[in-house]
Amino acid sequence: MWQAWTFALVRLSAALAVAVLVGLITGDMELWLTIVLGGILAWQFFNLFRLQRWLKLRAHEEPPDIGGVWGDVIAVINRIYRRKLFHKRRVTQQFREFRRLSAALPDGVVLLSENREIRWFNRKAAELLGLRRKVDVGLPIANLVRDPVFAAYLQRPGASQGVVIRVQSGEAWLALFVIPAGPQFLMLVRDVTREVRLEQMRKDFVANASHELRSPLTVISGYLDELADDEQLGAEWREPVTDMRRQALRMREIVEDLIELSRLEASNDEAPMAPVDVPALLERLVREERSSAADTPRFDLDIDYPCALRGSESELHSVASNLISNAVKYTPAGGTIHIRWGRVGGGVALVVRDTGIGIAAEHLPRLTERFYRVDRARARAKGGSGLGLSIVKHALQRHGGRLEIESREGRGSTFTAHFPGRRLLTRAAPVTKVS
């Protein structure tokens, strides 16, 4: 670069020297300086014209052969242009590859702008959502996928779980996931019709089978009760009949829990807003646990008595009963169960903390699954249906709440049922209370 500028300055100096020399000879210095400088300016304008013409036609013409500074400028521009062409071809190739890969995906992909407007979508998304490339690009996705659940989900994209909606035809179900990607959003669309139908079949089967099993079990339990009360029953049959009664009772508990779980799963409505005296409910459940056996753990109650709740009393009874009975089952007689009911943050919570055997960390994410057992042998010995925490989770969802579980193996567990503040009901505290 400096060599070109040095050469240009040398040429300019030489031209001016010639103009001065000729001006001294002819006696007209100004004329020759004007002629020389005008020629230099005309040459620069001519080179500028050639550069401009090449910039307009550079896709079809070779760069002009100009030396000096203009040659360096043209060389730099030519390198930038060729680099731009290289990156453009590379980006185009990558985009085409991306389109081929996205077209091969079994799921739909939609690229959304910051305002949730459609920028691009693949063929599967067009098929599942009925999108048209020339018409729908640039439109807000909420105008084309009209579903209140999806509209609410759009306000909080990136959630761990997407939403499942029913398409307008009513025959298919789609799972939608919106993932933040910088200032844009990526929406994945998956056809989950088969999974939804299988889940509905499972629910229907469990509900129907549970109701059909209730009557035979009632008959069997009745006959077993009659046999147990029969004084003429031989001594050798007393223990087998007692075992059969115990197993029949366990089967009835499982059936009742299955019916309750099916009812909660089948209901998409929110729980009612009827007032429920939770402090009295907790005291009653603790009294029942104390009277059920002599070797129960010690109970420590910390209850905010003015805090009641709006909800379903039967479902809240299930929540508290399952949490307390689980703590009793897995806490030794010398242990302690702390039960706290009161405000937490903007809502209210029921906390059941025990000093029992605890749960290993790898089991915590699956505790609310149906029939999941951490220790199957111990669970069989303690009894129970294995559905308690699943019932708790669904009952809390109906109340807009959630279940939080903390545990360390050998150091006890803490189960916290959180309820939103809109369900909190404040009332006058009672004069006396049971501890």
In order through region 98-112: 3J(HN,Hα) via Karplus (6.51 cos²θ - 1.76 cosθ + 1.60), integer Hz, x for Gly, Pro: 4, 5, 5, 5, 5, 5, 7, 5, x, 10, x, 10, 10, 8, 10
Separation of the residue 52 and residue 135 label points, Cα + 7 Å toward Cβ, nm: 4.8
Positive-end extreme of charge dipole, region 2-98 - chosen from 14, 91, 36 (charges on Cβ): 91
Lys pairs, the chain - Cα-Cα below 28 angstrom, 8 or more residues apart or on other chains: 11
Identified option (computed P(r) over Cα pairs in 10 Å bins from 0, in percent; candidates (1) 4, 17, 21, 18, 14, 11, 7, 5, 3, 1, 0; (2) 5, 23, 33, 26, 11, 2, 0; (3) 4, 13, 16, 15, 12, 9, 6, 6, 6, 5, 4, 2, 1, 0, 0, 0): (3)
Taking the C-alpha atoms of region 1-92, convex hull volume expressed per residue in Å³: 88
Length released on extending from residue 292 to residue 205, taking residue separation times 0.36 nm less the Cα-Cα span: 27.9 nm
Under-5 Å amide H pairs with residue 139, H placed in peptide plane, nonlocal only: 118
Under-5 Å amide H pairs with residue 356, H placed in peptide plane, nonlocal only: 412, 413
Highest-MSF residue in the chain out of 22, 178, 286 [GNM, Cα springs under 10 Å]: 22
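Is there a quick way to get the dipole size of region 271-370? I mean about its Cα centre, with the Cβ of Lys and Arg at +1 and of Asp and Glu at -1; what is the value in debye to the nearest 20?
Once rounded to the nearest 20, the dipole reads 80 debye.
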Virtual paramagnetic centre 7 Å along Cα→Cβ of residue 26, amide N under 18 Å, in region 33-50: 33-42
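Hey, got a sec? Which GluC sites (Glu not before Pro) in region 166-247 land in a DSSP loop and have at most 14 other Cβ atoms within 10 Å?
On the way: sites: 171, 195, 199, 212, 226, 231, 236; in loops: 171, 231.
Answer by residue number: 171, 231.
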Paired Rg and Dmax values of region 196-266, which use every Cα atom, in angstrom: 16.1, 55
Under the Karplus curve 6.51 cos²θ - 1.76 cosθ + 1.60, θ = phi - 60°, whole-Hz ³J(HN,Hα) for region 192-197, x wherever Gly or Pro sits: 10, 4, 5, 5, 5, 5
Relative contact order of region 106-191, pairs being alpha-carbon contacts under 8 Å that are 6 or more residues apart, as %: 33
Computed E for residue 91/residue 195 - FRET, C-beta separation, R0 35 angstrom, nearest 0.05: 0.40
In order through region 351-362: 3J(HN,Hα) via Karplus (6.51 cos²θ - 1.76 cosθ + 1.60), integer Hz, x for Gly, Pro: 10, 10, 10, 10, 10, x, 6, x, 9, 5, 4, 5
Whole-number D in µm²/s for region 194-322 (Stokes-Einstein; Kirkwood sum over Cα pairs; 20 °C, 1.002 mPa s): 117
Value of relative contact order over the chain, rounded to a whole percent, pairs C-alpha under 8 Å and six or more apart: 10
Most mobile of 299, 95, 49 in a GNM of the chain (Cα contacts under 10 Å): 49
Under-5 Å amide H pairs with residue 308, H placed in peptide plane, nonlocal only: 425, 426, 427
Check: the chain dipole with +1 on Lys, Arg Cβ and -1 on Asp, Glu Cβ, in debye: 2140
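Values quoted throughout were computed directly from the atomic coordinates according to the rules given, and no laboratory measurement underlies them. These numbers were taken from a predicted model, which means no experiment stands behind them. With ideal geometry, Cβ positions are generated from the backbone for all residues, glycine too; neighbour counts draw on all protein chains shown.
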